[in-house]
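Asker: My questions all concern the structure below.
The values are calculated or read from the model by the stated rules, or taken from the named source; none is laboratory data. Just so you know, these numbers come straight off a predicted model, no measurement behind them. Ideal geometry is used to build each Cβ from the backbone, glycine not excepted, and the neighbour counts take in all protein chains shown.
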Amino acid sequence: MRAIVAVCKNWGIGKDGHLIVRNRADMKHFVSSTMGGTVVMGRKTLDSFSKGRPLKGRRNIVLTHREDFVREGVEVAHSIEEVLALVASCNPEQVWVIGGASVYRELLPYCSSAIVTKHECLCPADSFFPNLDESPSWHEASCESKGLTEENVPYAFVTYVHRS
(Lines give C-alpha, C1' and ligand atoms only; values in the text may rest on other atoms or scores of the structure.)
Protein backbone atom coordinates (compact mmCIF):
# COMPACT_ATOMS: atom_id res chain seq x y z
CA MET A 1 0.00 0.00 0.00
CA ARG A 2 1.18 3.52 -0.77
CA ALA A 3 0.06 7.00 0.22
CA ILE A 4 -0.33 9.89 -2.20
CA VAL A 5 -0.80 13.46 -0.97
CA ALA A 6 -0.20 17.13 -1.75
CA VAL A 7 1.12 19.31 1.08
CA CYS A 8 2.34 22.83 1.74
CA LYS A 9 5.41 23.73 3.84
CA ASN A 10 3.74 22.97 7.18
CA TRP A 11 2.42 19.65 5.82
CA GLY A 12 -1.08 21.10 5.63
CA ILE A 13 -3.38 19.26 3.23
CA GLY A 14 -6.79 20.87 3.59
CA LYS A 15 -9.01 23.53 5.05
CA ASP A 16 -12.77 23.36 5.50
CA GLY A 17 -12.94 20.11 3.50
CA HIS A 18 -11.05 21.43 0.47
CA LEU A 19 -7.51 21.11 -0.86
CA ILE A 20 -5.41 24.14 0.01
CA VAL A 21 -3.24 24.25 -3.11
CA ARG A 22 -4.61 24.04 -6.66
CA ASN A 23 -2.19 22.36 -9.05
CA ARG A 24 -3.35 20.87 -12.35
CA ALA A 25 -0.08 18.99 -12.87
CA ASP A 26 -0.48 17.39 -9.45
CA MET A 27 -4.06 16.35 -10.28
CA LYS A 28 -2.85 14.73 -13.52
CA HIS A 29 -0.09 12.99 -11.57
CA PHE A 30 -2.67 11.75 -9.04
CA VAL A 31 -4.95 10.39 -11.79
CA SER A 32 -2.13 8.67 -13.69
CA SER A 33 -0.73 7.14 -10.48
CA THR A 34 -4.04 5.80 -9.13
CA MET A 35 -5.92 4.90 -12.33
CA GLY A 36 -6.74 1.20 -12.49
CA GLY A 37 -5.83 0.68 -8.85
CA THR A 38 -7.60 0.80 -5.51
CA VAL A 39 -8.06 4.03 -3.55
CA VAL A 40 -8.73 4.05 0.19
CA MET A 41 -10.24 7.16 1.73
CA GLY A 42 -12.42 8.47 4.50
CA ARG A 43 -16.05 9.43 4.09
CA LYS A 44 -15.35 13.17 4.16
CA THR A 45 -12.81 12.78 1.36
CA LEU A 46 -15.40 10.97 -0.74
CA ASP A 47 -17.92 13.71 0.04
CA SER A 48 -15.44 16.33 -1.20
CA PHE A 49 -15.49 14.84 -4.72
CA SER A 50 -17.92 16.10 -7.34
CA LYS A 51 -21.39 15.18 -6.07
CA GLY A 52 -19.77 12.73 -3.62
CA ARG A 53 -19.22 10.20 -6.39
CA PRO A 54 -16.44 7.62 -6.30
CA LEU A 55 -13.41 8.06 -8.54
CA LYS A 56 -13.88 6.50 -11.97
CA GLY A 57 -11.54 3.78 -13.15
CA ARG A 58 -10.56 2.78 -9.63
CA ARG A 59 -11.85 0.51 -6.90
CA ASN A 60 -13.03 2.84 -4.13
CA ILE A 61 -12.88 1.80 -0.46
CA VAL A 62 -14.19 4.13 2.25
CA LEU A 63 -13.03 3.75 5.84
CA THR A 64 -15.70 5.15 8.15
CA HIS A 65 -16.96 4.65 11.69
CA ARG A 66 -20.52 5.33 10.57
CA GLU A 67 -22.18 1.91 10.63
CA ASP A 68 -25.07 3.12 8.45
CA PHE A 69 -22.89 4.53 5.65
CA VAL A 70 -23.76 3.28 2.16
CA ARG A 71 -22.81 4.80 -1.17
CA GLU A 72 -23.16 3.38 -4.65
CA GLY A 73 -19.83 2.44 -6.22
CA VAL A 74 -17.84 2.12 -3.01
CA GLU A 75 -16.92 -0.66 -0.63
CA VAL A 76 -17.18 0.25 3.04
CA ALA A 77 -14.78 -0.72 5.82
CA HIS A 78 -15.26 0.13 9.47
CA SER A 79 -11.76 -0.70 10.71
CA ILE A 80 -8.16 -0.90 9.57
CA GLU A 81 -8.46 -4.69 9.72
CA GLU A 82 -11.39 -4.58 7.30
CA VAL A 83 -9.43 -2.35 4.92
CA LEU A 84 -6.44 -4.71 5.05
CA ALA A 85 -8.71 -7.70 4.38
CA LEU A 86 -10.31 -5.94 1.39
CA VAL A 87 -6.92 -5.19 -0.20
CA ALA A 88 -5.17 -8.43 0.79
CA SER A 89 -5.34 -9.90 -2.72
CA CYS A 90 -4.38 -6.64 -4.47
CA ASN A 91 -0.96 -5.69 -5.80
CA PRO A 92 0.23 -3.45 -2.92
CA GLU A 93 1.80 -1.03 -5.42
CA GLN A 94 -1.69 -0.38 -6.80
CA VAL A 95 -3.40 0.39 -3.47
CA TRP A 96 -3.40 4.09 -2.68
CA VAL A 97 -4.32 5.83 0.58
CA ILE A 98 -5.71 9.20 -0.53
CA GLY A 99 -6.95 10.89 2.66
CA GLY A 100 -8.14 12.57 4.70
CA ALA A 101 -5.88 13.31 7.61
CA SER A 102 -7.21 10.66 10.03
CA VAL A 103 -7.11 7.93 7.35
CA TYR A 104 -3.52 8.87 6.50
CA ARG A 105 -2.57 8.68 10.21
CA GLU A 106 -4.24 5.30 10.65
CA LEU A 107 -2.93 3.66 7.47
CA LEU A 108 0.50 5.27 7.01
CA PRO A 109 2.20 2.57 9.16
CA TYR A 110 0.97 -0.01 6.59
CA CYS A 111 2.33 1.93 3.59
CA SER A 112 5.63 1.03 1.96
CA SER A 113 6.02 4.45 0.36
CA ALA A 114 4.44 7.86 0.10
CA ILE A 115 4.33 10.08 -2.98
CA VAL A 116 4.21 13.66 -1.69
CA THR A 117 3.70 16.71 -3.86
CA LYS A 118 5.48 19.36 -1.82
CA HIS A 119 4.40 22.93 -2.51
CA GLU A 120 6.72 25.74 -1.45
CA CYS A 121 4.03 27.84 0.21
CA LEU A 122 2.47 28.22 3.60
CA CYS A 123 -1.32 28.09 3.59
CA PRO A 124 -3.89 28.15 6.38
CA ALA A 125 -4.87 24.53 7.06
CA ASP A 126 -7.02 22.57 9.48
CA SER A 127 -5.88 19.11 8.40
CA PHE A 128 -2.33 17.86 8.13
CA PHE A 129 -0.26 14.95 6.83
CA PRO A 130 2.43 13.62 9.19
CA ASN A 131 5.77 15.37 8.62
CA LEU A 132 7.82 12.59 7.05
CA ASP A 133 10.99 14.72 7.11
CA GLU A 134 10.91 14.53 10.92
CA SER A 135 9.94 10.86 11.17
CA PRO A 136 12.67 8.28 11.83
CA SER A 137 10.40 5.69 10.16
CA TRP A 138 10.63 7.38 6.75
CA HIS A 139 13.38 8.59 4.45
CA GLU A 140 13.35 10.56 1.24
CA ALA A 141 14.18 8.26 -1.68
CA SER A 142 13.83 10.67 -4.59
CA CYS A 143 12.82 14.20 -5.49
CA GLU A 144 11.66 15.16 -8.94
CA SER A 145 11.36 18.90 -9.42
CA LYS A 146 8.42 19.84 -11.58
CA GLY A 147 8.13 23.58 -11.73
CA LEU A 148 5.41 26.05 -10.86
CA THR A 149 1.67 25.87 -10.29
CA GLU A 150 -0.67 28.17 -12.17
CA GLU A 151 -0.23 30.65 -9.27
CA ASN A 152 3.60 30.42 -9.56
CA VAL A 153 4.03 28.21 -6.48
CA PRO A 154 7.11 25.96 -6.82
CA TYR A 155 6.44 22.26 -6.27
CA ALA A 156 8.21 18.90 -6.47
CA PHE A 157 7.17 15.26 -6.40
CA VAL A 158 9.00 13.61 -3.51
CA THR A 159 8.98 9.88 -2.83
CA TYR A 160 9.46 8.69 0.75
CA VAL A 161 10.11 5.08 1.66
CA HIS A 162 9.08 3.44 4.93
CA ARG A 163 12.11 2.01 6.74
CA SER A 164 11.62 -1.68 7.52
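Asker: Just need a number here: residues in the range 129-160 that are surrounded by fewer than 18 Cβ atoms within 10 Å (Cβ to Cβ), in a strand (DSSP E or B) and in contact with a helix residue (DSSP H, G or I) (Cβ under 7 Å, 6 or more places away or on another chain).
Answerer: Selection size over the range 129-160: 1.
Asker: Among (1) in contact with a strand residue (DSSP E or B) (Cβ under 7 Å, 6 or more places away or on another chain); (2) outside any loop (DSSP other than H, G, I, E, B), where does residue 125 come up short?
Answerer: (2) is the only condition that residue 125 fails.
Asker: Tell me the strands (runs of 3 or more DSSP E) entirely within the range 1-92 that contain at least 2 residues that are among the acidic types (Asp, Glu), free of Cβ contacts under 8 Å to residues at least 24 places away in the same chain and in contact with a His (Cβ under 8 Å, 6 or more places away or on another chain).
Answerer: In the range 1-92, there are no strands (runs of 3 or more DSSP E) which contain 2 or more residues that are among the acidic types (Asp, Glu), free of Cβ contacts under 8 Å to residues at least 24 places away in the same chain and in contact with a His (Cβ under 8 Å, 6 or more places away or on another chain).
Asker: Just checking, which of 159, 149 is under 14 Å from the mean Cα position of the chain (by Cα) and of a type in the set (Ser, Thr, Tyr)?
Answerer: 159
Asker: Go through (1) modelled with pLDDT under 95; (2) more than 26 Å from residue 147 (Cα to Cα); (3) exposed (fewer than 14 other Cβ atoms within 10 Å of the Cβ) one by one and return the number of the condition residue 18 breaks.
Answerer: Only one criterion is unmet by residue 18, namely (2).
Asker: Sort through 97, 103, 39 and tell me the only one that's hydrophobic (A, V, I, L, M, F, W, C) and within 17 Å of residue 157 (Cα to Cα).
Answerer: Exactly one residue qualifies, and that residue is 97.
Asker: Pick from the range 93-122 the residues that are in contact (Cβ under 8 Å) with a residue 60 or more places away in the chain and in a helix (DSSP H, G or I): which of them is surrounded by the fewest Cβ atoms within 10 Å (Cβ to Cβ)?
Answerer: 93
Asker: Considering each of 92, 124 in turn, give the residue that is touching a Lys or Arg at 6+ places or on another chain (Cβ under 7 Å) and over 16 Å from residue 45 (Cβ atoms).
Answerer: 124
Asker: For residue 145, state whether it is at pLDDT 95 or above and of a type in the set (Ser, Thr, Tyr).
Answerer: no
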